[in-house]
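Novice: Handing you this structure, nothing more for now.
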Amino acid sequence: MTSISENIEAVRARIAEACGRSSRDPADVVLCPASKTRTPEEVREAIAAGVRVFGENYVQEFLEKYEVLGDECSWHMIGHLQRNKVRRIVGKVSLIQSVDSIDLARTIEKEAERAGISVDVLLEVNVAGEESKWGFAPNETLEAARTVGSMPHVNVKGLMTSAPYTEDPESNRMHFRSLKRLFDEIGDAGLDGVSAEILSMGMSGDYEVAVEEGSTMVRIGTAIFGERHYPEKENPERHRTLQLITNRR
Ligand SMILES: *Cc1c(COP(=O)(O)O)cnc(C)c1O
C-alpha cells in the first residue's frame, strides 16, 4: 500500500502532466484534499507533504479536527451546509465552496456581519442537472452571483461543482467545459463583490480532465487517503475516532 505522501506526489505529477497537455502552469492548480472521515493524524501526514488546505463536509467533524489542528492548515467547507450551522464555522474556514442557495448566502452575510468579518465563498453549480445534487442551475448562476456579490460581507470568488460519478472521466469533459465558460462569463460581467479567481472542479475519478478544462482547484479524497471505510479490524483506534465523529454529527 502506498502512503499518503506518495499518493500526494502521484496526484501532483498527474496534475502537472494535465497542465502540460493544456499549456497551463501547475502553480495555478491548488490541491485541496477532501478530508472527510480522515483523522487528524492523516491530515498531518498530508500537511507534512506540503498540503496547505483541506475540504471538509460535515460541521461537527470539521470542528473536532479544527480543535486538534487549528491553523496548521486552512480549511474549506465543501459539503452541503445547513443554515443553522453557519455560525459555528464563520471565522474558522477560509472559504465556503458549497453556497447552493440565496438563503444560505443571506445567513452567511448575517453571521459575517455579526462577527465583523467578510467571508469568501464559491457558488456551487449543479452542472449536469442531477436530481440528487445541490447547487444552482447553470442558467440561474449569473443572477445568483449578482445577488450574493451585492451582500456587503460576502465575496464571491468563483464556482464549484461536483460532476456526475462516472467510470469514464471523458464523459465529464463537456460539464467541465461548460462550467469554465460560465466562470469566464461571470468574471467578464464585472459584478460588484464578484471575481472569477477559483474554479473548483475535479475529484479522484476525473481531476485530470477537469484540469485540462481549466480547473484551478481539485478536491481529492480517495486518490490521496484511500477508500473511505471504517476498518475496525485493521485499525481499532481510527475506528473509534470515526465512530465518535459519526455519532456526534
Ligand atoms: C468527498 C468529496 C470529494 C472527493 O471525492 P473523491 O472521489 O474521494 O476524490 C470532493 N468534493 C466533495 C464535495 C466531496 O464531498
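Novice: Report every pair of residues separated by at least 6 positions or lying on different chains whose Cβ atoms are under 7 Å apart, first residue within the range 36-53 and within 16 Å of the ligand (Cβ to nearest atom), second assigned to a helix (DSSP H, G or I) and not hydrophobic (A, V, I, L, M, F, W, C).
Specialist: 36/61; 39/238; 39/241; 43/65
Novice: Further question on the same structure: Taking the range 140-163 on its own, how many of its residues are farther than 17 Å from residue 81 by Cα, assigned to a loop (DSSP other than H, G, I, E, B) and within 16 Å of the ligand (Cβ to nearest atom)?
Specialist: Final tally of qualifying residues: 1.
Novice: For the range 4-11, does any single residue satisfy the condition of being surrounded by fewer than 19 Cβ atoms within 10 Å (Cβ to Cβ) and part of a loop (DSSP other than H, G, I, E, B)?
Specialist: So the first thing to find is which residues in the range 4-11 are surrounded by fewer than 19 Cβ atoms within 10 Å (Cβ to Cβ), and the list is 5-6, 9-10.
Next, from what is left, pick out any that are part of a loop (DSSP other than H, G, I, E, B): none.
The answer is no; no qualifying residue exists.
Novice: Right, another one. Restrict the check to the range 130-145 and report whether at least one residue is free of Cβ contacts under 8 Å to residues at least 40 places away in the same chain, among the hydrophobic types (A, V, I, L, M, F, W, C) and more than 30 Å from residue 14 (Cβ to Cβ). Give the steps one after another, and end with the answer.
Specialist: In the first step, residues of the range 130-145 are kept if they are free of Cβ contacts under 8 Å to residues at least 40 places away in the same chain; the result is 130-133, 135-137, 139-140, 143.
In the following step, the residues that additionally are among the hydrophobic types (A, V, I, L, M, F, W, C) were identified as 136-137.
After this cut, where a residue has to be more than 30 Å from residue 14 (Cβ to Cβ) as well, the list is 137.
The answer is yes, given that some residue of the range 130-145 is free of Cβ contacts under 8 Å to residues at least 40 places away in the same chain, among the hydrophobic types (A, V, I, L, M, F, W, C) and more than 30 Å from residue 14 (Cβ to Cβ).
Here's the yes/no breakdown for (1) in contact with a Phe, Trp or Tyr (Cβ under 7 Å, 6 or more places away or on another chain); (2) more than 17 Å from residue 158 (Cβ to Cβ); (3) more than 14 Å from the ligand (Cβ to nearest atom):
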residue	(1), (2), (3)
72	no, yes, yes
112	no, yes, yes
122	no, no, no
138	no, no, yes
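Novice: Take the residues of the range 190-210 that are assigned to a loop (DSSP other than H, G, I, E, B) and out of contact with any Gly (no Cβ under 9 Å at 6 or more places or on another chain): which is farthest from the ligand (Cβ to nearest atom)?
Specialist: Looking only at the range 190-210, we keep the residues that are assigned to a loop (DSSP other than H, G, I, E, B), and these are 190-193, 201-206.
Those left that are additionally out of contact with any Gly (no Cβ under 9 Å at 6 or more places or on another chain): 190, 202, 205-206.
Values: 190: 29, 202: 9, 205: 6, 206: 9 Å.
Of everything passing the filter in the range 190-210, 190 is farthest from the ligand (Cβ to nearest atom).
Novice: In addition: Within the range 7-43, how many residues are of a type in the set (Ser, Thr, Tyr) and more than 27 Å from residue 79 (Cβ to Cβ)?
Specialist: If we filter the range 7-43 for residues that are of a type in the set (Ser, Thr, Tyr), which is where we start, we get 22-23, 35, 37, 39.
When the remaining residues are screened for being more than 27 Å from residue 79 (Cβ to Cβ), the result is 22-23.
Matching residues across the range 7-43 total 2.
Novice: Quick check on the range 167-189. Is at least one of its residues of a type outside the set (A, V, I, L, M, F, W, C), assigned to a loop (DSSP other than H, G, I, E, B) and buried (at least 16 other Cβ atoms within 10 Å of the Cβ)? If you could, list the steps in order and put the result at the bottom.
Specialist: Kept after step one, since they are of a type outside the set (A, V, I, L, M, F, W, C), are these residues of the range 167-189: 167-173, 175, 177-178, 180-181, 184-185, 187-188.
Now restrict to residues that are assigned to a loop (DSSP other than H, G, I, E, B): 167-168.
With the extra rule that they be buried (at least 16 other Cβ atoms within 10 Å of the Cβ), the set shrinks to none.
The answer is no, given that none of the residues of the range 167-189 is of a type outside the set (A, V, I, L, M, F, W, C), assigned to a loop (DSSP other than H, G, I, E, B) and buried (at least 16 other Cβ atoms within 10 Å of the Cβ).
Novice: Could you list all residues from the range 39-52 that are surrounded by fewer than 18 Cβ atoms within 10 Å (Cβ to Cβ) and within 16 Å of the chain's Cα centre (by Cα)?
Specialist: The answer is 52, and nothing else.
Novice: Using the structure shown, decide if residue 78 is among the hydrophobic types (A, V, I, L, M, F, W, C), within 16 Å of the ligand (Cβ to nearest atom), more than 22 Å from residue 223 (Cα to Cα) and under 16 Å from the mean Cα position of the chain (by Cα). If you could, list the steps in order and put the result at the bottom.
Specialist: Details: among the hydrophobic types (A, V, I, L, M, F, W, C): yes; within 16 Å of the ligand (Cβ to nearest atom): yes; more than 22 Å from residue 223 (Cα to Cα): no; under 16 Å from the mean Cα position of the chain (by Cα): yes.
Taking the combined requirement at face value, the residue does not satisfy it.
Any read-out appearing in this document is the output of simple, stated calculations on the displayed coordinates, not a laboratory observation. Since the model is a prediction, treat every value here as computed from it, not as a measurement. In this analysis, Cβ positions are derived from the backbone assuming ideal geometry, glycine residues included, and neighbour counts consider all displayed protein chains.
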